[in-house]
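The values are calculated or read from the model by the stated rules, or taken from the named source; none is laboratory data. Predicted model, so just to flag it, every value in this text is computed and none were measured. Cβ atoms come from the backbone with ideal geometry, glycine included; neighbour counts cover every protein chain shown.
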Amino acid sequence: MFQTGQKGRQMFRWCARIAVVGGGVGAVVGGGVGVVGGLSGCSRLMHTSGVRLESFENGSVLVPRVVSSGYTATDRSTADLYLSDIPLGDLNRAESFDDLVGTIVRIRMFVAPKPGKTPIEPTASTATIQAAVLSRGEIGLYGGGAFMLLSGKPGDRTFGGSVRGGSVRLLSSTPGFADRLGASRFTAGITIPHDEAAAAILSHVFEQAARAARGRANASGR
């Protein structure tokens, strides 16, 4: 069962200009170094050019180094893509959110852009974006929309693309979470595997985190 706790508070520290993205960790940039990613683990990622959240308000940046990913598709126009800087093994073993530090991103593509039928421009919206930031018992849930320019089709062995024109803001959080980003720009370049097993683990933890952030903690067991 996932539970929130008081063991940890938001652990962002800030760094002046650089994002530490090597060595299996993610980092927040803004004024002291803050590691918010997972440690070493087996990667399910195929290829990526990164996920980035950059604050409109203060310039701080969250750059998770993705080590776990998978997507599912219900048809050829819709897909749920999951990415995280927390290794799948850590997510699968965690007994509570006190055990986890990192970010889980869900990109839900609800329409495949088609020339002449849907707008093909960064100001259009073809996907919803949500990011759950986990910090040892504290959780912040960010959300918004974006345009996704596709590489491949839902159902392919690998699928992804570039996410442009995205904007997110904090939707809800546990009481001790400190929002260091505020309203932020979201961009990503991704190609991830059609891995339903990995997606199921990521989806489960993400949904439990979202429930906790919305005030429905101690959600259903694993």
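The single residue among Asp156, Asp195, Asp179 that is surrounded by 19 or more Cβ atoms within 10 Å (Cβ to Cβ) and of a type in the set (D, E, K, R) turns out to be Asp195.
Taking segment 51-69 as the range and being part of a strand (DSSP E or B) and surrounded by fewer than 24 Cβ atoms within 10 Å (Cβ to Cβ) as the test, the residues that pass are Arg52, Glu54, Ser55, Val61, Val63.
The test for being assigned to a strand (DSSP E or B), among the aromatic types (Phe, Trp, Tyr) and over 21 Å from Leu62 (Cβ atoms) holds for Phe159.
Just one of the listed residues (Ser203, Ser167) is hydroxyl-bearing (Ser, Thr, Tyr), assigned to a helix (DSSP H, G or I) and surrounded by fewer than 21 Cβ atoms within 10 Å (Cβ to Cβ), namely Ser203. Considering the conditions (1) modelled with pLDDT under 95; (2) in a loop (DSSP other than H, G, I, E, B); (3) in contact with a Gly (Cβ under 9 Å, 6 or more places away or on another chain); (4) among the hydrophobic types (A, V, I, L, M, F, W, C), Val28 is excluded by exactly one of them, (2).
Residue-wise test of (1) at pLDDT 95 or above; (2) touching a Lys or Arg at 6+ places or on another chain (Cβ under 6 Å); (3) closer than 21 Å to Glu207 by Cα; (4) not in a strand (DSSP E or B).
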| residue | (1), (2), (3), (4) |
| --- | --- |
| Leu81 | yes, no, yes, no |
| Glu95 | no, no, yes, yes |
| Thr103 | yes, no, yes, no |
| Val111 | no, no, no, yes |
| Pro122 | no, yes, no, yes |
| Ile129 | yes, no, yes, no |
| Ile139 | yes, no, yes, no |
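Applying a threshold of 9 Å to beta carbon distances and a minimum spacing of six or more residues, or different chains, the list of pairs starting in segment 180-207 at a residue that is at positive phi and ending at one that is polar (S, T, N, Q) and part of a strand (DSSP E or B) reads Gly182/Ser55.
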